[in-house]
Amino acid sequence: MKKIIYLFVACCICSVASAQKVSEKELQGSWKLAAFNASGIYLDLATGLVTVSEELKSQLTPDIMAQINEGMKQATEQLKNSTTTFTGNTVEQKIAGKEKKGTYTLKDEAGTQMLNATWADATTSEMVVFLKDNQLHLSKSEQGQSAELIFNKG
């Protein structure tokens, strides 16, 4: 049992160590949406593959699973050309056909790097930001729901 616990702790440490902080210089340029992860449902936009966490699967009926798969196929079409572009301290997002422009700042908050965006419509967004395996991760949690956007450079 101790070996399993040590292995789990080692895996957690490796996972945290492989995620790195992002500099403004590294953010610069255009990032294309590669995957979307929302509350246990993961969509790989390149393959269209939908993966549902085991925890969520155990709570769903086969009919609901079929509806999720069909909804995600439709989402793939809407999301596949989504981008986020950083130029200086400005950010432009084109997600599912909707555009947002604004400015951003990076800051550390209790050991977590945050990206704070102020959009042209005067709304704001605060997201966790990090690089892992050369992909940009932006994640946000609100009211018990979480969403993570994963981007490839270019």
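Taking every C-alpha pair closer than 8 Å and separated by at least 6 residues, the mean separation divided by the residue count of the chain gives a relative contact order of 25 percent.
Under a Gaussian network description of the chain, with springs only between Cα atoms under 10 Å, the residue in Ala122, Ala96, Ala34 that fluctuates furthest is Ala122. Couplings for the stretch 55-71, taken from phi via the Karplus curve 6.51 cos²θ - 1.76 cosθ + 1.60 with θ = phi - 60°, read 4, 5, 4, 5, 9, 10, 7, x, 5, 5, 4, 5, 5, 4, 4, 5, x Hz in order; Gly and Pro are left as x. Over all other residues within a Cβ to Cβ distance under 15 Å of Lys80, the charged ones net out to +2, with Lys and Arg as +1 and Asp and Glu as -1. Within the same chain, lysines fewer than 8 places from Lys80 are excluded, and of the rest, those with a Cα less than 16 Å from its Cα are Lys32, Lys94, Lys98, Lys153.
Ignoring ligands, DNA and RNA, what accessible area per residue does the chain give at 1.4 Å, in Å²? Spell out each step's value before the answer.
On the way: 9870 Å² over 154 residues.
Counting only protein heavy atoms, the per-residue value for the chain is 64 Å².
Listed by chain and number, the aspartates and glutamates whose alpha-carbon sits under 20 Å from that of Lys107, ignoring those within fewer than 8 places in the same chain, are Glu24, Glu26, Glu92, Glu126, Glu142, Glu148.
Between Lys25 and Asp121, 0.36 nm times their residue separation minus their Cα-Cα distance comes to what?
Details: separation 96, 0.36 × 96 = 34.56 nm, distance 2.58 nm.
Difference between extended and current length: 32.0 nm.
Which one is right for this structure if Rg/Rh (Cα atoms, Kirkwood Rh) is calculated from it: (1) 1.12; (2) 1.06; (3) 1.00? Checking each listed value against the structure points to (3). Electrostatic tally near Thr118: other residues with Cβ closer than 11 Å to its Cβ, Lys and Arg +1, Asp and Glu -1, net 0. Summing charges over neighbours of Gln93, with a neighbour being any other residue whose Cβ is under 14 Å away from its Cβ, gives +3 when K and R count +1 and D and E count -1.
The values are calculated or read from the model by the stated rules, or taken from the named source; none is laboratory data. As the structure is a prediction and not an experimental result, all values here were calculated from the model. Here the Cβ is made from the backbone with ideal geometry for all residues, glycine too, and neighbour counts use every protein chain on show. The protein model used for the area step is the full one, side chains on, heavy atoms only, and it has no ligands, DNA or RNA in it. Shrake-Rupley method; radii C 1.70, N 1.55, O 1.52, S 1.80 Å.
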